[in-house]
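The structure under discussion appears below in the form of structure tokens.
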Amino acid sequence: MITLDNVSKTYGSGSQAIHALKPTNLHVPQGAIHGVIGLSGAGKSTLIRCVNLLERPTTGRVFVDGQELTALDAKALNQARHRVGMIFQHFNLLSSRTVFANVALPLELMGVAKREIRDRVQPLLDLTGLSDKVDKYPAELSGGQKQRVAIARALASRPKVLLCDEATSALDPQTTASILELLQDINRKLGLTILLITHEMEVVKTICHKVGLISAGELVEEADVGDFFTAP
Ligand code: ADP
Ligand code: ADP
């Protein structure tokens, strides 16, 4: 579902160059929950942002759902991004919009008709447990509730892939557990493929099927999650 072929990212050039991601191959099959764990500065954000080309790779090719994103022009890429949802550590909600309007935003941008937007947003609010928060503003919500809104918004365009950039790092352990449960639910019920990056072992242990370790821009080890944590 996600394939990175020799993808690297260098910021800057010459003596200023930072090789944030060394040439990397990664394959995440459909329906998997794949984790990449590493310390701060290891290149996790760069890796995940290369998947939907929020960061343009310096080398290599990115495929999602059989389509090469790195070969698309701006308009086609915009279309293709509908199939790749993303959530972030700090939620990135619009503070001037209600829960409903935040979730509806991607559909508005896609030009979906008002009535269809209503029909599509309501089930997402049910799925994410936000049915009684429809008219609240982000400032009135807890961190966990805000992340639920962000998840609902990410699902609005019916993506096949969900990218999670440190999605639980700003949350307390109990809230983290409930968000991870929701992500698992989404993986099972909707068949969504999930790629997540984190610095937290617990996240990887709880929901990932496979995990890779990234260190100094290099994806150095990949294993099934059971093997990854078992002593030899
Ligand atoms: P992580 O997500 O694991 O903390 P990042 O991918 O954010 O790591 O960063 C990897 C390296 O690339 C770090 O040295 C970071 O400072 C650098 N870096 C990240 N983004 C940029 C950027 N836009 N410009 C220059 N350097 C960057
Ligand atoms: P997060 O909030 O997800 O941890 P960071 O605070 O590490 O992200 O980085 C925020 C933004 O700054 C990201 O878009 C990242 O690519 C960029 N960035 C990170 N390190 C650098 C750097 N050394 N130079 C320029 N931009 C950077």
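Worth a mention:
- Taking Lys and Arg as +1 and Asp and Glu as -1, the other residues whose beta-carbon sits under 13 Å from that of residue 210 total -3.
- Normalised Debye scattering of segment 138-232 at q = 0.11, 0.14 Å⁻¹ gives log10 I(q)/I(0) of -0.35, -0.56, counting only Cα atoms as equal scatterers and leaving out solvent.
- Cross-link pairs beyond the 32 Å C-alpha cut-off, checked among 114/210; 146/189; 75/133; 44/75; 136/210; 22/189: 114/210; 75/133; 136/210; 22/189
- Karplus-derived HN-Hα couplings along segment 112-129 (A = 6.51, B = -1.76, C = 1.60, θ = phi - 60°), whole Hz, x at Gly and Pro: 6, 5, 3, 5, 5, 4, 4, 5, 8, 6, 4, x, 5, 5, 5, 4, 8, x
- Segments 154-160, 90-96, 178-184, 31-37 sorted - mean Cβ within 10 Å per residue, highest first: 31-37, 154-160, 178-184, 90-96
- For segment 40-88, a simple Cβ point-charge model (Lys and Arg +1, Asp and Glu -1, everything else neutral) yields a dipole of about 100 debye relative to the Cα centre.
- Counting all C-alpha pairs of the chain, share separated by more than 25 Å (%): 41 percent
- Residue-normalised accessible area of the chain, expressed per residue, 1.4 Å probe, Å²: 48 Å²
- Remark on residue 32: its backbone amide H falls under 5 Å from those of 194, a criterion applied only to residues 5 or more positions apart or on other chains, H modelled at 1.01 Å from N.
- For residue 9, the aspartates and glutamates whose Cα comes closer than 16 Å to its Cα, not counting residues fewer than 8 places off in the same chain, are 55, 218.
- Pairwise centroid distance, computed over Cα atoms, of segment 97-159 with segment 1-43, Å: 30 Å
- For segment 21-36, backbone phi angles converted through the Karplus equation (6.51, -1.76, 1.60; θ = phi - 60°) give residue-by-residue couplings of 9, 7, x, 10, 10, 8, 10, 10, x, 4, x, 7, 10, 10, x, 10 Hz, Gly and Pro being listed as x.
- 5 angstrom amide H check on residue 215, placed H, neighbours 5+ away: 220
- Among the protein heavy atoms of the chain, carbon and sulfur supply 49% of the accessible surface, probe 1.4 Å, non-protein parts ignored.
- Beta bridges by DSSP in the chain, antiparallel share as percent, to the nearest 5: 50 percent
- The string of couplings for segment 199-204 from the Karplus curve (6.51, -1.76, 1.60, θ = phi - 60°) is 9, 9, 3, 4, 4, 5 Hz, one whole number per residue in order, with x for Gly and Pro.
- Pairs of alpha carbons in segment 1-66 whose separation is greater than 19 Å (percent): 30 percent
- Relative contact order for segment 95-148: 50 percent, from Cα pairs under 8 Å spaced at least 6 residues apart, divided by residue count.
The values are calculated or read from the model by the stated rules, or taken from the named source; none is laboratory data. Nothing here was measured: the structure is a model prediction, and the numbers come from that model. We place every Cβ from the backbone using ideal geometry, glycine too, and count neighbours over all the protein chains shown. Note: accessible area is taken over every heavy atom of the protein model, side chains too, but ligands, DNA and RNA are not part of it. Shrake-Rupley method; radii C 1.70, N 1.55, O 1.52, S 1.80 Å.
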